[in-house]
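Heads up, the thing below is written out as structure tokens.
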Amino acid sequence: MFGYQFLALEHWGNAVTQAEVAAHNMISSQADRWPHLAVPVFWSTQFGTEIKSTGVPSVADSVVITQGSVPDRRFVAAYGRQGRLVGAVTFNQSKWLEFHGRQVERAAPFPPTYQTVDQPADVRPVPAEFPEAPIPTQAATVVVTGHDPSERRAEFVTR
Amino acid sequence: MVSTYREIVELLHDPRVSSDPRNLTASAAGVPEGVPGLPASFLHLDPPEHDRLRRVVTRHFRPPHTPDRVDGLAPELHKIVGGLIDGFVGRTEVDIVDELAYPLPVAVICQLLGVPREDEPRFHVWVESLLKSLDPDTGAAAEVQQAGTEMAQYFSGLIDAHRRAPGGDMLSALATDDGPEGQLTQEQLLSTSFLLLIAGHETTVNLIANGTLTLLRHPHVLERLRRDPEMVFRVVEELLRYEPPVHFVPWRTALDDIEIADTTMPKGSRIVLLLAAGSRDPDHVRAPDRFDPDRFDPDRFGLAREGDQHLGFGGGIHYCFGAPLARLEAQTALGELARRLVNPRLVTDPPPYRTNPVLRGPRHLQVAFDDIVPSREG
Ligand code: HEM
């Protein structure tokens, strides 16, 4: 999903979801074990601004503001990599985060083409300008389906 | 029509879904138009207008800026409930709708907005006329229009008076707002006042009436509540799940094609969210058709983490603004009914219902009893 990178996720939410899956797998037979397929999420409040992130924005090549306004400090930024959504960050707009998490799971096209409330007039992506990281596989990604840990599945899709 | 819990929650948080009826291309029948001549209230607006109006009003209703608006109403609320139940003394039968569930929310909203006591009777008449617009059975358009105009005039005067000599109420706070986002216009103040009044009225009536009915149908729960007043918190949560005042929300629109549960809802179509069905979705909650306040007991072992959520107050950015006040009103009324009615029983079961399909509740609820326990104050 995120270019087959090893990721260190340092938010406590990740520790909790991993532990749930690990604990379940320790006491379950082979056939009942769950894959750990949670899309990473973190949040933080900085100087009164609630910042939340889903997916892995740092692997993106482009970013676009899909809702709200940057000068008002209330917006949703969607991050894309090679035409697919890989992450989103909300500033004081956290009620929309889960929606974008689901779009990341579906490897939705980037830039997003759908109409939403509070859409800026200009939805042109700009380069994300994250430092380059070595990426082993470029031509495929994974789609995650299911809601409950017992239903989560990953499917390989190529372009 | 969406009736399953997970899909309703997804749509409540989907930015491709609008609450603004102007986006409907399909028929808008049954969508309330608001008050003639006034701008839309934030219930029927999308971001960014919705968010700004709701933030400004929240600043004068909830912490951190206003820490004790709701808690501050508690003593007055107890007094109002106590007074209404005192009115049952010496009788053996009352209509809970007309004599408690209905007058309580009007009195509370008057208190909240700073409507002087002596104006309450006038106010009551207007509210009753306005509420007829919500009931497809009556549809008294001229009466609604007349009441709307008179009430708008009354409120304009009240707002001006509060602006000159502010009191501790919410309307004074809004009229003299010095917050970072500026003041509401007079028209926005009017439509916000009307929204608070209407959104907080029929809903609360139904919660108290449905609650009384449900408790009388489950005498063992009522008996437990009488012995353990703390149980009222769980009873009210379970009522919001099991017998909710708002059965569905009919005014959402798809701004784009939306794929959900293997179906595509086409752009422009109206989306009806069946909140009441979602709260009884067997994939979400165990034994959904059982009235069981203990499912909201935080100490009970083995509850699914998400399984103790209901959709009674909606969700997402339009989550009920008045939820803390609604809870307090219902907890106070039902707690006092349980404590003070001696041997209460239903006179007719089922009672006659209102015809409104969105806001479900009895039109009248005759309850018989042997005696009334004196109020604590008296
Ligand atoms: C038991 C009582 C109540 C119930 C069941 C209830 C239920 C709801 C529901 C389901 C919504 C969401 C509507 C939507 O998604 O379009 C809502 C919104 C709202 N409610 Fe309540 N409500 C109750 C009491 C109150 C009270 C007492 C007040 C006012 C003091 C109030 C004020 C509002 C407002 C202003 C909104 C619009 C919020 C927004 O659009 O951001 N409600 N309510």
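The values are calculated or read from the model by the stated rules, or taken from the named source; none is laboratory data. Not measured: the values here are computed from a predicted model. Every residue, glycine among them, receives a Cβ derived from its backbone with ideal geometry; neighbour counts consider all protein chains shown.
For this structure, a couple of remarks:
- Search result, residues across the stretch A:88-131 that are within 14 Å of another protein chain (Cβ to nearest Cβ) and part of a helix (DSSP H, G or I): A:Ser94, A:Lys95, A:Trp96, A:Leu97, A:Glu98, A:Phe99, A:His100, A:Gly101, A:Arg102, A:Gln103, A:Glu105
- Annotation note: Cβ proximity below 9 Å between a residue of the stretch B:318-332 that is within 14 Å of chain A (Cβ to nearest Cβ) and near the ligand (Cβ under 6 Å from one of its atoms) and a residue that is hydroxyl-bearing (Ser, Thr, Tyr) and not in a helix (DSSP H, G or I) (sequence gap 6+ or interchain) occurs for B:His318/B:Ser19.
- Filtered residue count, the stretch B:203-237, keeping only those that are away from the ligand (no atom under 16 Å from the Cβ) and in contact (Cβ under 8 Å) with a residue 40 or more places away in the chain: 9
- If you go through the stretch A:97-126 and pick out every residue that is under 19 Å from B:Leu45 (Cα atoms) and out of contact with any Ser or Thr (no Cβ under 6 Å at 6 or more places or on another chain), you end up with 6.
- Test: residue in the stretch A:67-75 that is touching a residue at least 12 places away in the same chain (Cβ under 8 Å), more than 11 Å from chain B (Cβ to nearest Cβ), in contact with a helix residue (DSSP H, G or I) (Cβ under 9 Å, 6 or more places away or on another chain) and part of a strand (DSSP E or B): no
- The numbered conditions (1) away from the ligand (no atom under 16 Å from the Cβ); (2) surrounded by fewer than 22 Cβ atoms within 10 Å (Cβ to Cβ) are all true for B:Ala199 except (1).
- Checked against (1) without any contact (Cβ under 8 Å) to a residue 24 or more places away in the chain; (2) farther than 28 Å from B:Ile258 by Cα, A:Phe99 meets all criteria but (2).
- Selection from the stretch B:5-17 of residues that are away from the ligand (no atom under 12 Å from the Cβ) and outside any helix (DSSP H, G or I): B:Asp14, B:Pro15, B:Arg16
- Some residue of the stretch B:303-313 being in contact with a helix residue (DSSP H, G or I) (Cβ under 8 Å, 6 or more places away or on another chain), over 18 Å from B:Val9 (Cα atoms) and either modelled with pLDDT under 95 or of a type in the set (Val, Ile, Thr) (or both): yes
- In summary, B:Asp20 fulfils each of the numbered conditions (1) within 13 Å of chain A (Cβ to nearest Cβ); (2) modelled with pLDDT under 95; (3) away from the ligand (no atom under 14 Å from the Cβ) with the single exception of condition (3).
- Residue in the stretch A:54-63 that is within 30 Å of A:Pro35 (Cα to Cα), within 14 Å of chain B (Cβ to nearest Cβ) and buried (at least 16 other Cβ atoms within 10 Å of the Cβ) present: yes
- For B:Thr264, the criteria (1) modelled with pLDDT under 95; (2) more than 16 Å from the ligand (Cβ to nearest atom); (3) not hydrophobic (A, V, I, L, M, F, W, C) hold in every case but one, which is (1).
- Each residue in the stretch A:34-53 was checked for being away from every other protein chain (no Cβ under 14 Å) and at pLDDT 95 or above, and 2 pass.
- Residues considered: A:Ser53, A:Ser58. Of these, the only one that is under 20 Å from A:Pro131 (Cβ atoms) and not in a strand (DSSP E or B) is A:Ser58.
- Pairs, first buried (at least 19 other Cβ atoms within 10 Å of the Cβ) in the stretch B:151-178, second among the acidic types (Asp, Glu), C-beta under 9 Å, six or more apart: B:Leu158/B:Asp119; B:His162/B:Asp169; B:Ala175/B:Asp160
- Taken over the stretch B:75-126, the criterion of being at pLDDT 90 or above, more than 16 Å from the ligand (Cβ to nearest atom) and among the acidic types (Asp, Glu) is satisfied by B:Asp86, B:Glu93, B:Asp95, B:Asp98, B:Glu99.
- One residue from B:Asp299, B:Asp283 being more than 16 Å from the ligand (Cβ to nearest atom), farther than 23 Å from B:Pro15 by Cβ and touching a Phe, Trp or Tyr at 6+ places or on another chain (Cβ under 8 Å): B:Asp283
- Residue match in the stretch B:298-306 (condition: at positive phi, surrounded by 14 or more Cβ atoms within 10 Å (Cβ to Cβ) and not hydrophobic (A, V, I, L, M, F, W, C)): no
- Here the stretch B:238-261 is the region considered, the condition is being within 14 Å of chain A (Cβ to nearest Cβ) and not in a strand (DSSP E or B), and the residue that is nearest to the ligand (Cβ to nearest atom) is B:Leu255.
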